[in-house]
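Structure first, then comments.
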Amino acid sequence: MARRKRLVLIDDSETEMEFVRRALEAIYPGAEFHAFRNGADALAHLCDAPEVLRADVILLDLKLPGLDGHAILKALRERFAPGDLPVVVFTSSREASDLARAYAAGANSYVVKPLVYEHYGEVVGLVARYWLDANAAIEREGDEHD
C-alpha cells in the first residue's frame with residue numbers, strides 16, 4: 001500500500017493552521033497534515049527523527065518566535081537538499097529582502113499568504129496539487145510507489 005502524501009506546516013498562528021488544514025481537507029482529502037507552532041519542535045521531528053515524519057512538502061512561515069523561518073530553512077538545508085525535502089515559504093511578507101534571503105537559503109518556492117480567507121482554498125490547493133501530485137519528487141528509501 002502506498003504511503004499517504006504528507007504536508008507539514010510550520011506556523012505559530014492557530015488561525016493559519018486551521019485555515020490551511022481546512023483548505024487541504026477540501027482540496028486534497030487524502031493527504032496527511034502535520035503542524036508545528038515553533039521551529040524547535042519542527043526540527044526535532046523533521047531532522048532528528050526524519051523516519052517518523054517524512055514530509056513531502058513543508059509550508060514554512062518566516063515570522064516565528066524563537067527560531068524564525070530563515071533559521072529553520074537554513075537548518076533544514078544543512079540536512080536535506082531541495083530535491084529531497086521541498087520547502088515552500090508561506091508567509092505574509094512581501095519584502096524583497098525576505099524573498100531573496102529565502103531563495104538564497106534554498107527555498108523551493110515563495111508564496112505570499114492570501115489576505116482573504118476565501119482565497120486560502122485556492123492557494124493551498126495550488127501548492128498541494130503541485131508539490132504532492134505534479135512535481136516529480138526524488139524517490140526516497142522506504143517510499144512505495146502510488
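State the label only: which of [x] 17; [y] 25; [z] 35 corresponds to percent of Cα pairs over 26 Å apart computed from the shown model? Evaluating percent of Cα pairs over 26 Å apart on these atoms matches [x].
Using only alpha carbon pairs under 8 Å that are at least six residues apart, calculate the relative contact order of the range 1-48 and give it in whole percent.
Values: 45 pairs, mean separation 23.1, N = 48.
The normalised contact order for the range 1-48 reaches 48 percent.
Using Cβ point charges alone (K and R +1, D and E -1), the dipole size of the chain about the Cα centre works out to roughly 220 debye.
Are there any GluC sites (Glu not before Pro) in the range 1-109 that are in a DSSP loop and have at most 13 other Cβ atoms within 10 Å? List them by number.
Glu51, Glu95
Over the chain, DSSP H runs of length four or greater, each weighted -39,500 (n - 2.57), average out per residue to a 222 nm ellipticity of -9500 deg cm²/dmol.
All alpha carbon pair distances within the range 81-126 were sorted into 10 Å bins beginning at 0; the resulting P(r) in whole percents reads 26, 47, 26, 1. Taking only alpha carbon atoms, the range 61-145 gives an Rg to Rh ratio of 0.99, where Rh is the Kirkwood radius. Placing +1 on the Cβ of each Lys and Arg and -1 on the Cβ of each Asp and Glu in the chain, which of Ala100, Ala71, Phe36 has its Cα farthest towards the positive end of the resulting dipole? Ranked along the dipole, the leading option is Ala100.
A cut-off of 5 Å between modelled amide H atoms, ignoring neighbours fewer than 5 places along the same chain, links Arg6 with Glu32, Asp56, Val57.
All of the numbers you see were taken from the coordinates with simple rules; none came from a lab. None of these values were measured; they are calculated from a predicted model. Cβ coordinates were reconstructed from backbone atoms using ideal geometry, including for glycine residues, and neighbour counts include every protein chain displayed.
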